[in-house]
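**Student:** First the structure, which I've put down as structure tokens, then a few questions once you've had a look.
The values are calculated or read from the model by the stated rules, or taken from the named source; none is laboratory data. Computed from a predicted structure; not experimentally measured. Don't worry about glycine lacking a Cβ; one is built from the backbone with ideal geometry, like all the others, and counts go over all protein chains shown. Ligands, DNA and RNA are excluded from the accessible area calculation, which covers all protein heavy atoms including side chains. Shrake-Rupley method; radii C 1.70, N 1.55, O 1.52, S 1.80 Å.
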Amino acid sequence: MKFDIDAFREISQTLRRNKSRTFLTGFGVFWGMFMLLVLLGGSKAVKSMVSKDMGNFATNCVIVMNGITTKPYGGFKSGRQIMFRTADMDELRKIQGVELATTSMSQWGVQAVYGTNKYNGVNFQGVTSDYSRIQFQHMKYGRFINDMDNAEGRKVATIGWRVYETLFPGGGDPCGKFISINGIYYEIIGVVAQTSSNFNINGGSDRGVFCPMSVMARLYNRGDRIWGLMVLVKPEYRSSEVMNQCVNMMKQKYLVAPNDKRAIVGLNIESMFTFVRNLFKGLDLLFLLVGIGTLLAGAIGVSNIMMVTVKERTTEIGIRRAIGATPKTIISQVIAESITLTMVSGMFGIIFSVMILGMVELGFTKDGVMTAQFQVTFWQALLALLGLITLGVLAGLAPASRAMQIKPVDAMREE
Amino acid sequence: MMIELKDVNKTYFGAQPLHVLKGINLEIGKGEFVSIMGASGSGKSTLLNILGILDNYDTGEYWLDGRLIKGLSEREAARYRNHTIGFIFQSFNLINFKTAVENVELPLFYRGIGRRERHHQAMEYLDKMGLTDWAEHFPNEMSGGQKQRVAIARALITHPRIILADEPTGALDSKTSLEVMELLKRVNKEEDVTMIVVTHESGVANETNKIIHIKDGIIGKVEDNVDHNASPFGENSIMK
């Protein structure tokens, strides 16, 4: 039976016969579709939010932290504070899997002044150029601290976005201007673009001011003492192995007991990222399962109702058969009914969920900037639609085969 | 011959096999108006189902309009039913959620005829049945006689070679029964269609030109009834 106006009239007539039943059945599919798409959109939003948080950080990275020894070793008592030294950065590079090691010295809560504008709570950091290879810095103006700045001890600074906005409300390129931090003047050489990253070490760059590490060490009498080391692992090496090598090297150097778990600690960033990534995969799968499960339940509902309907319509189908309907027309009618029911209610589900997702997205939009993406893609919706049609056919199969078994004689028997 | 049955046997296999038709031999010519009479359980309904290709038979031969009807596929059977046979049932068997005219259209729908043409023809036949004003009414808004007339229109619309009527007056009062029988007579004459009426009412049978008595699965007496005076129950009783 081709799908023309006649077929459509036949279908709508039979579906309208029992409005409340049709509605309730359709609602199952509608709800399934709605759940599936909303869950997909939700997981996408969470993912987009978190990956934005992690976006600016190198994932193949380990961190080696220093602490206080808990075991006596090598002639020392326990309770000794371990401090790394700047020379350790070069030391660690001797390990094969280490691409580079770097760190930052920081002064918290200092004030930056430009003219009459002040910014309190600056996170003032002394860094090497390698710092931007682990914590990526996208420059709005100028450049980041480089090796020459460090080597020559230049009093230059790269400032973060919020510091820039406060000190230079008029905007424009501030490079070449001088800002004062704790009474010492630094020439601005760059501005870091705004980041939304929430995953960073020693504070985010938005409220940061960066100067060469050598400058900070000298001006604040920090010597060569540093807290913690960030190690970038070469891509072909396993970060967990490299981390252990780094930790062991540092333990040997600072005479820490090999089994001391507090004095020098490794933190595998990659494994954290992998964990989060796997979490997302799991979440995706869960959402998909729940959504598809709900949708399936709806489709089974359709199948069930069609089954009852076919049973109720034994006489009618018998009459149709007696006056010349072939089994094929009966089957296609039942399946077409099933498809229509699932399609129409599923489409409502798609429309409704897209609407809701759009509204939620609007709620997450600040100053015209979307902070999280909720909306499902066109292809996802299309795929869902194709899935719906398949479900409709499948849901109609069992009732249709039952309808086919009805013999015209049955029309006369069941009176 | 329009219908020729040669030694047709039919057994229902259930808990106890039931030999319903025990070798039926029957000939019905073109344009005849025949009734098949028998008590309930005599096999007359089974015979009608076989004649209407609604059921199959075990042995023997059934020739319909010169074609052997045996071992047909469902599709072929549906085609024969649609093109050569019209059915009239005791309980009318109209589809309740369709209007009168839609019910009459239905056989043409299965024939693949366009909507407008279908509607046109259906209205024509409803007009012949005097039901033009009732075309848009649903079956439950009509009287039994009107419903049966809709059913007759539905049977006629495909221009069938034979019409099989299974107790066509069974659910009607005597006055309406008479009207329906008159209508069937008229159809038989005007449309030149072979009419086979199954009944257990002698009054109904009396209206037909030939009465075939069936008893215990065998054809008994075949009466010619051109004068329409064959043994009615009591005096002047036409039907009931």
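**Student:** How large is ³J(HN,Hα) for each residue in segment A:340-353, as worked out from phi by the Karplus curve 6.51 cos²θ - 1.76 cosθ + 1.60 (θ = phi - 60°), to whole Hz, x for Gly and Pro?
**Tutor:** Once θ is set to phi - 60°, the couplings for segment A:340-353 become 4, 4, 5, 4, 4, 5, x, 4, 4, x, 4, 4, 5, 5 Hz.
**Student:** Test of understanding: express the Cα radius of gyration of chain B as a ratio to 2.2 N^0.38 Å, with N the residue count. Intermediate values should be presented prior to the final figure.
**Tutor:** Details: Rg = 17.7 Å, N = 240, 2.2 N^0.38 = 17.7 Å.
The reported ratio for this selection is 1.00.
**Student:** A further question follows. Averaging over every viewing direction, what projected area does the convex hull of the Cα atoms of segment B:1-97 cover, in nm²? The partial results should precede the final answer.
**Tutor:** Numbers: hull surface 31.1 nm².
So the Cα hull casts an average projection of 7.8 nm².
**Student:** Next question. Divide the volume of the convex hull of the Cα atoms of segment A:186-331 by its number of residues and quote the answer in cubic angstrom per residue.
**Tutor:** Spread over its residues, the Cα hull of segment A:186-331 gives 278 Å³ apiece.
**Student:** Given a Förster distance of 60 Å, report the FRET efficiency between A:ARG225 and A:ILE300 from their Cβ-Cβ distance, rounded to the nearest 0.05.
**Tutor:** Computed FRET efficiency for A:ARG225 and A:ILE300 comes out at 0.30.
**Student:** What FRET efficiency comes out for the pair A:GLU236/A:MET359, r = Cβ-Cβ distance, R0 = 51 Å, nearest 0.05?
**Tutor:** 0.60
**Student:** In addition: Determine the order of A:MET35, A:MET359, A:MET347 by accessible area, beginning with the largest, at a probe radius of 1.4 Å.
**Tutor:** Largest accessible area first, the list is A:MET359, A:MET347, A:MET35.
**Student:** With all protein chains present and a 1.4 Å probe, how do A:ASP260, B:ASP55 order by accessible area, largest first?
**Tutor:** B:ASP55, A:ASP260
**Student:** Could you order A:VAL192, B:VAL226, A:VAL360 so the one with the most accessible surface comes first? Probe is 1.4 Å.
**Tutor:** Per-residue accessible area, sorted high to low, gives B:VAL226, A:VAL360, A:VAL192.
**Student:** Here's another thing I want to ask about it. Amide H to amide H under 5 Å from B:MET2: which residues, 5+ apart in sequence or cross-chain, H placed 1.01 Å off N in plane?
**Tutor:** B:ILE28, B:GLY29, B:LYS30
**Student:** A follow-up question, please. Give me the percent relative contact order of segment B:14-172, please, defined on Cα pairs under 8 angstrom at least 6 residues apart.
**Tutor:** Relative contact order here is 28 percent.
**Student:** Ok, one more. What FRET efficiency comes out for the pair A:VAL290/B:PHE13, r = Cβ-Cβ distance, R0 = 56 Å, nearest 0.05?
**Tutor:** In this case the efficiency is close to 0.65.
**Student:** Now for a separate question. Please give, to one decimal in nm, the separation of the simple spin-label points placed at A:ASP147 and A:LYS253, each 7 Å out from Cα toward the Cβ.
**Tutor:** 1.9 nm
**Student:** Taking the convex hull of the alpha carbon atoms in segment B:110-184, what volume per residue do you get, in Å³?
**Tutor:** About 105 Å³ per residue, rounded to a whole number.
**Student:** Could you give each residue of segment B:100-116 its phi-based ³J(HN,Hα) in whole Hz, using Karplus coefficients 6.51, -1.76, 1.60 with θ = phi - 60°, and x for Gly or Pro?
**Tutor:** After applying 6.51 cos²θ - 1.76 cosθ + 1.60, I find 3, 5, 5, 4, 5, 5, 3, x, 6, 4, 6, 8, x, 8, x, 4, 5 Hz.
**Student:** For segment A:49-203, what does the relative contact order come out to in percent, with C-alpha contacts under 8 Å and a separation of six or more?
**Tutor:** Working: 241 pairs, mean separation 37.5, N = 155.
This gives 24 percent for segment A:49-203.
**Student:** Here's something else I'd like to know. What is the set of long-range amide H partners of A:ASP260 at a cut-off below 5 Å, with H atoms built 1.01 Å from backbone N?
**Tutor:** Close amide H contacts, sequence-distant or interchain: none at all.
**Student:** For all pairs of alpha-carbon atoms in the protein assembly as shown, what percent lies in each bin of width 10 Å, listed from the first bin to the last filled one?
**Tutor:** Here the calculated profile for the protein assembly as shown is 3, 12, 15, 13, 9, 7, 7, 6, 7, 8, 7, 4, 1, 0.
**Student:** So, in nm, how far is label B:MET1 from label A:GLU187 when the simple model puts each one 7 Å beyond its Cα toward the Cβ?
**Tutor:** Each label point lies 7 Å from its Cα, and together they span 12.1 nm.
**Student:** Another question about this same structure. So if I take the alpha carbon set of segment A:86-219, get Rg, then get Rh from the Kirkwood formula, what is the Rg over Rh ratio? Walk me through the numbers on the way to the answer.
**Tutor:** On the way: Rg = 14.5 Å, Rh = 14.9 Å.
Expressed as Rg/Rh, it is 0.97.
**Student:** Still on this structure, I have one more. Expected output is a single nm value to one decimal: the length gained when fully extending between A:VAL265 and A:ARG21, i.e. 0.36 nm times separation in residues minus the C-alpha distance. What is it? Spell out each step's value before the answer.
**Tutor:** Details: separation 244, 0.36 × 244 = 87.84 nm, distance 6.46 nm.
Result for the pair: 81.4 nm of gain on full extension.
**Student:** On to the next question. Step through the table entries B:LYS22/B:LYS221; B:LYS189/B:LYS210; A:LYS311/B:LYS98; A:LYS19/A:LYS44; B:LYS175/B:LYS221, compare each Cα-Cα distance with 26 Å, and write down the pairs that go over it. List each step's numbers first, then the result.
**Tutor:** Working: B:LYS22/B:LYS221 15 Å; B:LYS189/B:LYS210 15 Å; A:LYS311/B:LYS98 19 Å; A:LYS19/A:LYS44 37 Å; B:LYS175/B:LYS221 29 Å.
Exceeds cut-off: A:LYS19/A:LYS44; B:LYS175/B:LYS221.
**Student:** Now, a different point. How much accessible surface does A:GLU165 have with a 1.4 Å probe, in Å² rounded to 10?
**Tutor:** Here the residue's solvent-accessible area equals roughly 100 Å².
**Student:** Using a cut-off of under 18 Å, list every residue of segment B:204-221 whose amide N is near the label point 7 Å from the Cα of B:LYS185 along the Cα-to-beta-carbon line.
**Tutor:** Residues B:204-212 fall inside that zone.
**Student:** Sticking with this one: Would you please name the trypsin sites (Lys or Arg not before Pro) within segment A:257-314 that are DSSP coil residues with at most 11 other C-beta atoms within 10 Å of their C-beta? Before the final figure, lay out each step's value.
**Tutor:** Values: sites: A:LYS261, A:ARG262, A:ARG277, A:LYS281, A:LYS311, A:ARG313; in loops: A:LYS261, A:ARG262, A:ARG313.
Answer by residue number: A:LYS261.
**Student:** At 1.4 Å probe size, with no ligands or nucleic acids counted, give the accessible surface of B:HIS19 in Å², nearest ten.
**Tutor:** The accessible area comes out at roughly 90 Å².
**Student:** Provide the per-residue ³J(HN,Hα) series for segment A:65-80, in order, calculated from phi with Karplus coefficients 6.51, -1.76, 1.60 and θ = phi - 60°, each as a whole number of Hz, with x at glycine and proline positions.
**Tutor:** Taking θ as phi minus 60°, the curve returns 10, 9, x, 10, 5, 10, 10, x, 7, x, x, 9, 6, 7, x, 8 Hz for segment A:65-80.
**Student:** Starting from the 7 Å offset along Cα-to-Cβ, what nm value, one decimal, do you get for the label separation of B:HIS83 and B:GLU141?
**Tutor:** Simple spin-label model gives 3.7 nm for this pair.
**Student:** OK, next. At 1.4 Å probe size, with no ligands or nucleic acids counted, give the accessible surface of B:LYS6 in Å², nearest ten.
**Tutor:** Approximately 90 Å² for this residue.
**Student:** Between A:GLU99 and residues 5 or more places away or on another chain, which pairs have amide H atoms under 5 Å apart, with H built 1.01 Å from N, and which residues are they?
**Tutor:** A:LEU232, A:VAL233, A:LYS234
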